[in-house]
Every structure is written in C-alpha cells, then in structure tokens.
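For reference, the structure discussed in these notes is given below.
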Amino acid sequence: MKQILITGGCGFIGRYVTEELLAQGYSVRILDSLIDQVHGDAAAATPDGVELIRADVRDKAAVTEALKGIDGVVHLAAEVGVGQSMYEIARYVGGNDLGTAVLLEAMIDLPIKRIVVASSMSVYGEGLYQTQDGTPSGSIRRRGADIKASRWDPVAQDGSALTPTRPTSRSRLTSPRSMR
Ligand SMILES: NC(=O)c1ccc[n+]([C@@H]2O[C@H](COP(=O)([O-])OP(=O)(O)OC[C@H]3O[C@@H](n4cnc5c(N)ncnc54)[C@H](O)[C@@H]3O)[C@@H](O)[C@H]2O)c1
C-alpha cells in the first residue's frame, strides 16, 4: 500500500485530502504542528489508522523522520491569513517559505515520486465580475479609497457597479495581487 505524507493534514483542506486518499486505498501520515490560531485547545481528531506527528515543518529532524517510507507528499502546512501576512511577515515567510524549503531539502536524496504543493486562491486576484449588461470584466483592481469608505464590491473604470459571477475557473489567467 502506498504511503502519503500530508503536511498540515489536520487543516481545512488536509482533512478532505486525508479522507479522499484513505478512500482510494492509500495509507496516510500527517505532520502538523496544530497551530493555536487554527486549532485552539481542541485535540486534533484524525481518522482511524492515520498516524499524526505533531511537529513544525521547519523542524528538519521531525520532517526527516516523517518522510521515512513515504511514496508521495501533499504539502499543505501553511499560515493562511492574507491580511495578517502583511504585518506578521517574518512569521509567514518562516512557516510558508522556509517550511517548504526544509521539506524539499529533506526530500532531496529520497526516492519520493511526487510532491503536490497547494497554491493560493489569491493568485487569481479578485476573481470574476461582470458589468451591468453582463459583459465579463477581466482585470479587477480595488481602490484603496473605496475600501477605506467600506465600498467592498469593486467598480468598473467608469464607476458603474460590477457583480461577482460564477466561481473562478482554473483556466483563468493569474492576477496575483490583493489589497488590505
Ligand atoms: N482554504 C482554501 O480555500 C484554500 C484555497 C486555495 C489554496 N489553499 C491553500 O491550501 C493550504 C492549506 O490551507 P487550509 O485552508 O487547509 O489552511 P488551514 O489553516 O486550515 O490548515 C493549515 C494546517 O497547517 C498547519 N500548520 C501551519 N503552519 C505549520 C507549520 N509551520 N508546520 C506544520 N504545520 C503547520 C496548521 O496547524 C493547520 O492544521 C494553504 O497553503 C492554503 O494557502 C487554501
């Protein structure tokens, strides 16, 4: 049976990925530091048969141990607060960038076939909107003045209203920017 390591496997997406992999007959091990901001004091509940290693993905020794016997990795351990990342920069770069670097370095000499790394919905910027006559509106950019005035929905260049449309598709060009 193939064994998959899921970093951040106790989080929102990790829990679904764990369920899906188990349903497909994989064996799952999770490495998760169970950060307070996500888990509080709650004990993490993992499905039967799933091994949980409580450790930080920046801890090379723990990551090396967690990778023993692993065939593939799903890397979801991350700090995910977009707004918070703008003023707790060292914390976010540490957990997300350094964490990913430690994981990749620990994998270098291992025969692991595949690693899946989660991207961010923020790469799509503001998603899809349409003008009042139904024309899709491509590149949306919020204006600082509008946000300060609590006008949340973006407007067209001529100031007319835009409305959000369907979910953003994966074929959409990226537009990675966000504004507080
Ligand atoms: N939730 C979404 O809608 C969404 C959309 C697109 C992409 N993503 C990406 O998917 C990934 C997971 O997101 P999520 O929504 O499940 O987040 P989440 O906060 O629910 O889960 C993240 C998990 O990682 C753990 N963690 C955080 N820092 C860690 C560290 N340094 N070491 C070990 N474990 C750590 C946390 O304890 C938590 O269990 C992120 O990279 C996020 O950007 C999420």
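Per the helix-only calculation at 222 nm, which mean residue ellipticity applies to the chain, given -39500 (n - 2.57) for every DSSP H run of n ≥ 4 and division by its residues, nearest 500 deg cm²/dmol?
Only helices count here, giving -5500 deg cm²/dmol.
Near the amide H of residue 137, within less than 5 Å, lie the amide hydrogens of 129, 130, 131, all on another chain or at least 5 residues away, with H placed in the peptide plane.
Excluding same-chain neighbours fewer than eight residues apart, the aspartates and glutamates reachable from residue 60 by a Cα-Cα span under 13 Å are 105. Let me see the pair-distance distribution of region 1-103: every alpha carbon pair, 10 Å bin width, integer percents in order. With a bin width of 10 Å, the distribution comes to 15, 49, 30, 6, 0. If I model the chain as equal point scatterers sitting on the Cα atoms and use the Debye formula, what is log10 I(q)/I(0) at q = 0.16, 0.18, 0.19 Å⁻¹? Results for the chain at q = 0.16, 0.18, 0.19 Å⁻¹ read -0.99, -1.12, -1.19.
To the nearest 20 Debye, how big is the dipole of region 122-180 about its Cα centre, given +1 on the beta carbon of each Lys and Arg and -1 on that of each Asp and Glu?
Roughly 320 debye, rounded to the nearest 20.
Consider a paramagnetic label point 7 Å from the Cα of residue 168 along Cα→Cβ; state which residues of region 84-126 have an amide N under 11 Å from it. Once the point is set 7 Å along Cα→Cβ of residue 168, 120-126 turn out to lie under 11 Å by backbone N, inside region 84-126. Between the alpha-carbon centers of region 93-139 and region 1-60, tell me the distance in whole angstrom. Computed from Cα coordinates, the inter-centre distance equals 19 Å.
No value in this document is a laboratory result; all are computed from the given coordinates. Since the model is a prediction, treat every value here as computed from it, not as a measurement. Neighbour counts run over all protein chains shown; Cβ positions are idealised from the backbone, glycine included.
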